[in-house]
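One structure is given here, and the rest of the page talks about it.
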Ligand SMILES: CC(C)(COP(=O)(O)OP(=O)(O)OC[C@H]1O[C@@H](n2cnc3c(N)ncnc32)[C@H](O)[C@@H]1OP(=O)(O)O)[C@@H](O)C(=O)NCCC(=O)NCCS
């Protein structure tokens, strides 16, 4: 039996959702380039595309938007829970528990995508509640008249966001919607393959995404920039970090061996937002880290990934670094649930093997003789 550490290059299913060309740095959702989707589409349209496999007509999109907007409210007892724990708890732990609570009130049976719409519509409400509670602010009710991205920022700040902020948020969410197979999506599939339920799958996805090697990297990358403090410190910081065996956060990817296309797109939004919000120096630091990081690591195929600039975008939009991974989860839930839906159409229990390397035939020694 061959051991494939980290399941590297092991395919778990066929998919028609997302294609990544890691050598050329290209990414397609349902055959559409993310460059086109980031330029011309929006979160709701892309969510529809991912779940249903086709772009919606105007009428379909209108109905879909309305459905999502109607599902934004979170039951009071879940909001109370979020308020009680969010000041001190890790935001991903709060989100994970809140989604788990949502699962208590929904039946196990029924259409996966219908449930996915409910979860996806509510997650930003929970994230905004977490963020506002951390700042000691009152909660803001969702506004059904706003788009998904605009409402997200409205619930965060309690006022209508600028068009640049809305566009930046919308594109960021769109770019996080799916990424073929990865640790969190696989975690969702493992749970789904036992014929558990979609809430349990999403809870598993959030749990896997939380780690700093996956979705937690966006906050780590931003904290790096804050720690560096000035563009003049970048070179020294990067060299000392790498020479002490630490990783450059927001760099490297299992699949991309060149610049992640999402990082390229988000760089432009990070630039525009940082200039507008007086964070120009932070953007300069990031750019310098990118430059020096590529100089040192690029020849090994280690380049900036999505988390490198997304953190800066989320920070400029007003989120705390510890909250960033919950925004990632709020978008990736679309991909998680689409992959679960696709997998369940031809389900096979996921049950890998381990290669036993321990002893056999050991004599049991009674406790008094050990
Ligand atoms: C994402 C990541 C886990 C993928 O790594 P992987 O495919 O499992 O590859 P490995 O962790 O085995 O790394 C391979 C080599 O590249 C190096 N490497 C990978 N990412 C690196 C980084 N960000 N900084 C410095 N070195 C890195 C490793 O040290 C390792 O070197 P070695 O062969 O000398 O031991 C890895 O690149 C990483 O830890 N990046 C930082 C966290 C991050 O940004 N995550 C978000 C991903 S979207």
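The values are calculated or read from the model by the stated rules, or taken from the named source; none is laboratory data. Here the structure is a predicted model, which is why all the values come from computation and not from measurement. Methodologically, a virtual Cβ is constructed for each residue, glycine included, from the backbone with ideal geometry; neighbour enumeration extends over all protein chains shown.
Restricting to the stretch 34-54, give me the number of residues that are within 19 Å of residue 339 (Cα to Cα) and touching a strand residue (DSSP E or B) at 6+ places or on another chain (Cβ under 8 Å). Within the stretch 34-54, residues that are within 19 Å of residue 339 (Cα to Cα) and touching a strand residue (DSSP E or B) at 6+ places or on another chain (Cβ under 8 Å) number 4. Only residues that are outside any helix (DSSP H, G or I), in contact (Cβ under 8 Å) with a residue 40 or more places away in the chain and more than 19 Å from the chain's Cα centre (by Cα) were counted in the stretch 42-71, giving 1. Helices (runs of 4 or more DSSP H) fully within the stretch 180-278 that include at least 3 residues being within 11 Å of the ligand (Cβ to nearest atom) and farther than 30 Å from residue 12 by Cα: 234-243. Being closer than 28 Å to residue 49 by Cα, away from the ligand (no atom under 13 Å from the Cβ), in a helix (DSSP H, G or I) and not assigned by TED's automatic domain parsing to the domain that holds residue 30, is that true of even one residue in the stretch 286-293? Looking through the stretch 286-293, none of the residues is closer than 28 Å to residue 49 by Cα, away from the ligand (no atom under 13 Å from the Cβ), in a helix (DSSP H, G or I) and not assigned by TED's automatic domain parsing to the domain that holds residue 30. Tally time: how many residues in the stretch 1-41 are assigned to a helix (DSSP H, G or I), within 16 Å of the ligand (Cβ to nearest atom) and assigned by TED's automatic domain parsing to the domain that holds residue 171? Count: 1. Out of the residues in the stretch 306-329 that are over 15 Å from residue 157 (Cα atoms) and surrounded by fewer than 24 Cβ atoms within 10 Å (Cβ to Cβ), state the one that is nearest to the ligand (Cβ to nearest atom). Going through the qualifying residues, I end up with 321. The lone criterion from (1) over 19 Å from residue 221 (Cβ atoms); (2) in contact with a helix residue (DSSP H, G or I) (Cβ under 8 Å, 6 or more places away or on another chain) left unmet by residue 283 is number (1). Here the condition is being surrounded by fewer than 24 Cβ atoms within 10 Å (Cβ to Cβ) and on the phi < 0 side of the Ramachandran plot; of 168, 193, 201, it holds for 193 alone. Residue count for the stretch 1-33 satisfying the condition of being surrounded by 19 or more Cβ atoms within 10 Å (Cβ to Cβ), in contact with a strand residue (DSSP E or B) (Cβ under 6 Å, 6 or more places away or on another chain) and under 17 Å from residue 331 (Cα atoms): 3.
In this structure, does residue 137 turn out to be closer than 23 Å to residue 204 by Cα, in the same structural domain as residue 46 (by TED's automatic domain parsing) and surrounded by fewer than 16 Cβ atoms within 10 Å (Cβ to Cβ)? Spell out how you get there, then give the answer.
Working: closer than 23 Å to residue 204 by Cα: no; in the same structural domain as residue 46 (by TED's automatic domain parsing): yes; surrounded by fewer than 16 Cβ atoms within 10 Å (Cβ to Cβ): yes.
No: the conditions fail for residue 137.
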